[in-house]
Amino acid sequence: MTYKEVHKETYLTKEGLKHLEEELHELKFVKRPDVASRIHWASQSGGTVDNAEYEDAKNEQAFVEGRIRELENILSDAVVAPKTGGTKGGVKIGSSVTVVGADGSKHHYVVVGSAEAAPLEGRISNESPVGSALMGRKVGDKIQVKTPNGVVTLTVTKVA
């Protein structure tokens with residue numbers, strides 16, 4: 001098995017890359033030292049046995065270190081999607097897309113890589129059912145997407 005078979009590329013927008021790099025910096029240079037200080041203080045003031053503050057700080061340390069590893073892995077395999085230059089090539093990562101459902105409902109999405117997805121904010125992954133169905137589509141294209149609620153038909157009305 002090669003490296004690329006184990007690690008798949010993570011697609012990010014330029015803004016998403018910046019956000020993840022800032023989060024990693026914050027965790028490494030602010031949060032990590034803060035947690036280490038809390039652990040030291042808690043162990044000095046009450047030992048390590050039956051010390052709720054010490055346990056809480058150790059749990060936070062595990063979370064911070066896990067998130068640092070996760071971000072480092074994402075960033076090591078990151079590919080920044082080029083800025084979209086109009087709609088000529090259709091929907092791609094970074095595209096802003098408006099679709100209309102068969103019932104007339106209008107939805108606006110920004111297609112991003114899975115590491116940046118925030119569906120409640122309208123940022124959908126290119127790997128999600130709707131996101132993958134939109135990839136490469138142009139204004140006027142109709143797509144059918146299998147969702148947990150059944151098959152949905154959407155018409156692309158705008159790509160930017």
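A few comments on the model shown:
- Helix 52-76 axis, angle to the chain major axis (alpha carbon atoms, nearest 10°): 40 degrees
- Candidate aspartates and glutamates - alpha carbon under 17 Å from K142, same-chain residues fewer than 8 apart omitted: D103
- For the stretch 3-80, the Kirkwood hydrodynamic radius comes to 14.1 Å, computed from all pairs of different C-alpha atoms.
- Within the straight-line cut-off of under 15 Å between alpha carbons, the aspartates and glutamates reachable from K58 are D34, D50, sequence neighbours fewer than 8 places apart in one chain being disregarded.
- Normalised contact order of the stretch 96-159, rounded percent, pairs of Cα under 8 Å and 6 or more residues apart: 34 percent
- Antiparallel bridges, percent of DSSP beta bridges restricted to the chain (to nearest 5): 75 percent
- Normalised contact order of the chain, rounded percent, pairs of Cα under 8 Å and 6 or more residues apart: 23 percent
- Cα long-axis angle, helix 14-26 against the chain (0 to 90 degrees, to the nearest 10): 10 degrees
- Potential extension, A118-T147 segment - 0.36 nm per residue separation minus Cα distance: 8.7 nm
- Mean separation of Cα pairs under 8 Å and 6 or more residues apart, divided by the residue count, gives the stretch 6-91 a relative contact order of 53 percent.
- Rg/Rh for the stretch 96-159, where both radii come from Cα atoms and Rh is the Kirkwood radius: 0.93
- Pairs with C-alpha atoms separated by more than 28 Å, drawn from the list K31/K92; K92/K146; K106/K146, are K31/K92.
- Cβ-derived FRET efficiency at R0 22 Å, E26 paired with S76, nearest 0.05: 0.75
- Stokes-Einstein diffusion coefficient of the chain, Kirkwood radius over Cα pairs, 37 °C, 0.692 mPa s, in µm²/s: 178 µm²/s
Coordinate-derived values only; no laboratory data. As the structure is a prediction and not an experimental result, all values here were calculated from the model. When we count neighbours, we look across all protein chains shown, and the Cβ atoms used for this are built from the backbone with ideal geometry, even at glycine.
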